[in-house]
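*Asks:* Below is one structure. I have some questions about it.
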Amino acid sequence: MKSPIPEKDQHFMIDEPLLDFISDFGKDKTVLEIGGGSGNLTKFLIKKAKKVVVIEKDQRFEDELKKIGVEVIIGDALKLNWPSSEVLISNLPYKICEALIMKFLRNDFEYIIVTFPKKLYEKFEDTKAGIFYSEMFKIKLLKEISKDSFEPKPKTKSVLLKLERKPSDNLLSKTIEQFDKKLKNALRESFCHFNMNKKEATMAINSMKLNDEILSKRIINLTNEEIHEFIQKLGELPKNYN
């Protein structure tokens, strides 16, 4: 087995009862795993899931993962289009954790099971991703995880979370899903999704009375205060807009 490289944010889960517990969430499902590494979790998932696809950036682990019997995609999970899967189950690389969970917004998983740095979880509601997730997901803490569950030990304690998408097909969810677009463009496309033409969409955006600086920013670059203002103004629109 090839060794993890901590400098690459590789901390492999070695707690077998915990791995078994996590893999239960993949029973009879098609599963996407990000960062399979040496396959510690993958080996448990393949025994229970209908199908497992692993995205792994480190090419050293490609052959090991393929020997387990899963489909392997070598590449950067932040840049790739993800294959369609029912659930995502992953011991996430913590350095790109927040960036990855923004990408979850664009994928229609039944639920997501992920390890998460405890410090980030404790302040999650104050992050951009946390504000969006509180609107679109139910977040459940499943377990707190000791540093001893990993090799090498990470610097921070961890938690295991379950994220379930709230039933939603509304202006807010459609807009947030376009987090890398300018707010005004994302809003226009969202209004048009709900059967407005472009002129009507522009009138609706103007009626929100957001300043041009906010409307011209990409959603991902909005400050927390600007996100809260945009969500509030969206909620104040007449019901026929939603």
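The values are calculated or read from the model by the stated rules, or taken from the named source; none is laboratory data. All values derive from a computational prediction rather than experimental measurement. With ideal geometry, Cβ positions are generated from the backbone for all residues, glycine too; neighbour counts draw on all protein chains shown.
*Asks:* Has region 179-193 got any residue that is in contact with a helix residue (DSSP H, G or I) (Cβ under 8 Å, 6 or more places away or on another chain), within 26 Å of residue 118 (Cα to Cα) and in a helix (DSSP H, G or I)?
*Replies:* no
*Asks:* Can I ask one more? Please tell me if residue 42 is touching a strand residue (DSSP E or B) at 6+ places or on another chain (Cβ under 7 Å), among the hydroxyl-bearing types (Ser, Thr, Tyr) and more than 21 Å from residue 149 (Cα to Cα).
*Replies:* no
*Asks:* Let me ask something else about it. So which residues in region 13-39 are crowded, with 19+ Cβ neighbours inside 10 Å and not in a helix (DSSP H, G or I)?
*Replies:* Within region 13-39, 13, 29, 31, 32, 33, 34, 35, 36, 37, 38, 39 qualify.
*Asks:* Still on this structure, I have one more. Which numbered condition trips up residue 151, out of (1) within 18 Å of the chain's Cα centre (by Cα); (2) closer than 30 Å to residue 25 by Cα?
*Replies:* Of everything listed in (1) within 18 Å of the chain's Cα centre (by Cα); (2) closer than 30 Å to residue 25 by Cα, residue 151 misses just condition (1).
*Asks:* Among what's in region 204-231 and is of a type in the set (S, T, N, Q) and not in a loop (DSSP other than H, G, I, E, B), pick the residue that is nearest to residue 177 (Cα to Cα).
*Replies:* Only one residue tops the list, namely 221.
*Asks:* Separate question: In region 186-199, is there at least one residue being closer than 19 Å to residue 100 by Cα and either in contact (Cβ under 8 Å) with a residue 24 or more places away in the chain or touching a Leu at 6+ places or on another chain (Cβ under 9 Å) (or both)?
*Replies:* Within region 186-199, the first condition is being closer than 19 Å to residue 100 by Cα, and the residues that meet it are none.
No; the residues of region 186-199 include none that is closer than 19 Å to residue 100 by Cα and either in contact (Cβ under 8 Å) with a residue 24 or more places away in the chain or touching a Leu at 6+ places or on another chain (Cβ under 9 Å) (or both).
*Asks:* Tell me, please, whether a residue that is modelled with pLDDT under 85 and among the hydroxyl-bearing types (Ser, Thr, Tyr) can be found in region 77-86.
*Replies:* no
*Asks:* So for region 200-208 (the condition being closer than 18 Å to residue 125 by Cβ, among the hydrophobic types (A, V, I, L, M, F, W, C) and crowded, with 18+ Cβ neighbours inside 10 Å), does at least one residue qualify?
*Replies:* Checking region 200-208: not a single residue is closer than 18 Å to residue 125 by Cβ, among the hydrophobic types (A, V, I, L, M, F, W, C) and crowded, with 18+ Cβ neighbours inside 10 Å.
*Asks:* How do the pairs read when you match residues in region 113-139 that are closer than 20 Å to residue 169 by Cβ with residues anywhere that are of a type outside the set (A, V, I, L, M) and surrounded by fewer than 16 Cβ atoms within 10 Å (Cβ to Cβ), using Cβ under 6 Å and keeping only pairs 6 or more apart or on different chains?
*Replies:* Once the first residue is closer than 20 Å to residue 169 by Cβ and sits in region 113-139, its partners that are of a type outside the set (A, V, I, L, M) and surrounded by fewer than 16 Cβ atoms within 10 Å (Cβ to Cβ) give 136/166; 138/164.
*Asks:* Going by the structure shown, is residue 93 in contact (Cβ under 8 Å) with a residue 12 or more places away in the chain and touching a Pro at 6+ places or on another chain (Cβ under 8 Å)? Give the steps one after another, and end with the answer.
*Replies:* Values: in contact (Cβ under 8 Å) with a residue 12 or more places away in the chain: yes; touching a Pro at 6+ places or on another chain (Cβ under 8 Å): no.
In short, no.
*Asks:* Does region 162-169 contain any residue that is of a type in the set (S, T, N, Q), touching a residue at least 40 places away in the same chain (Cβ under 8 Å) and surrounded by fewer than 19 Cβ atoms within 10 Å (Cβ to Cβ)?
*Replies:* Scanning region 162-169, I find no residue that is of a type in the set (S, T, N, Q), touching a residue at least 40 places away in the same chain (Cβ under 8 Å) and surrounded by fewer than 19 Cβ atoms within 10 Å (Cβ to Cβ), so the answer is no.
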